[in-house]
1. Of all residues in region 43-86, count the ones that are modelled with pLDDT of 85 or more and not β-branched (Val, Ile, Thr).
2. Which ones in region 88-111 are open to solvent by less than 90 Å² (accessible area, probe 1.4 Å) and at pLDDT 85 or above?
3. Where residues in region 153-188 are surrounded by fewer than 13 Cβ atoms within 10 Å (Cβ to Cβ) and not hydrophobic (A, V, I, L, M, F, W, C), which of them is farthest from residue 70 (Cα to Cα)?
4. Exactly one condition in (1) closer than 18 Å to residue 73 by Cβ; (2) of a type outside the set (Asp, Glu); (3) free of Cβ contacts under 8 Å to residues at least 60 places away in the same chain is not met by residue 125; state its number.
5. Quick one: is residue 84 closer than 18 Å to residue 158 by Cβ, assigned to a loop (DSSP other than H, G, I, E, B) and not basic (Lys, Arg)?
6. Within region 114-142, track down each residue that is in a helix (DSSP H, G or I) and open to solvent by 100 Å² or more (accessible area, probe 1.4 Å).
7. Within the bounds of region 74-96, is there any residue that is farther than 21 Å from residue 142 by Cβ and among the aliphatic types (A, V, I, L, M)?
8. Could you please find all residues in region 143-177 being among the basic types (Lys, Arg) and part of a helix (DSSP H, G or I)?
Amino acid sequence: RYLSPNNRFVNTRRVASAFNMAMFTGFAEMDPRTGIIKYTDGTLGMLFDVIGTGSYLLFDSHKNAIIDRVDSHYRKMHPGATYHFVTVKRPQEVDDQTAALDAREDALTVSDPDLTAMMESERGILKRYVGSKCKSLHQYMLLQAKTEEDLSLAFKVLQAEVAISPLMFTRVVHFAVRAAQHLCAVIYTVALGEE
């Protein structure tokens, strides 16, 4: 479709509405029950949090095995599906560390004010410093397919790859609806509920 030059520009400032960017990406809606994304062209997608093996590529002994595994995976990938990777630099997630700290505090058999103060200090450092100021790269993947059947088959191939070998992906987690909505808000830097 032809677009006039005025319609070829998408403002990506933080104060700009995310509506035009969402139209650019083709997102139409998200199924509130399954989290499956429906695109304006009729295709479907699923959003995943992924952890790859990029740091292993620093070691020559791992490089060839990883490259061979990635090549093998893409050869098995369903032809009706596509992966889209999104990398975002954002604050580190400290929920697991905070939960571990809470578990240690709950397991204490002695009530000591100094120990409690030390744990509160540690919790504060995790939340106020590590969880807000320390940035890290987070990678997400959109699995997009033409039909529901293609999406299901592509998802099964992805699940099998994760189960068989950690060389392609170390971890893949399908986003629940609220987490996917939050991620889209983070990517487009607008609050939930805006266009």
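1. Number satisfying all stated conditions: 21.
2. Those that are open to solvent by less than 90 Å² (accessible area, probe 1.4 Å) and at pLDDT 85 or above: 97, 98, 99, 100, 101, 102, 103, 105, 107.
3. Top of the filtered list is 178.
4. Going through (1) closer than 18 Å to residue 73 by Cβ; (2) of a type outside the set (Asp, Glu); (3) free of Cβ contacts under 8 Å to residues at least 60 places away in the same chain one by one, residue 125 breaks only (1).
5. Judged against the criteria, residue 84 is not a match.
6. Of the residues in region 114-142, the ones in a helix (DSSP H, G or I) are 114-133.
Matches in region 114-142: 114, 118, 127, 128, 129, 133.
7. Checked against the condition, which is being farther than 21 Å from residue 142 by Cβ and among the aliphatic types (A, V, I, L, M), region 74-96 yields at least one hit.
8. Of the residues in region 143-177, the ones among the basic types (Lys, Arg) are 146, 156, 171.
Scanning region 143-177 gives a single hit, 156.
The values are calculated or read from the model by the stated rules, or taken from the named source; none is laboratory data. Just so we're clear, the structure is a prediction, and the values are computed from it rather than from any experiment. Reconstructed Cβ throughout: ideal geometry from the backbone, glycine too, with neighbour counts over all protein chains shown. All accessible areas refer to the heavy atoms of the entire protein, side chains included, with ligands and DNA or RNA removed. Shrake-Rupley method; radii C 1.70, N 1.55, O 1.52, S 1.80 Å.
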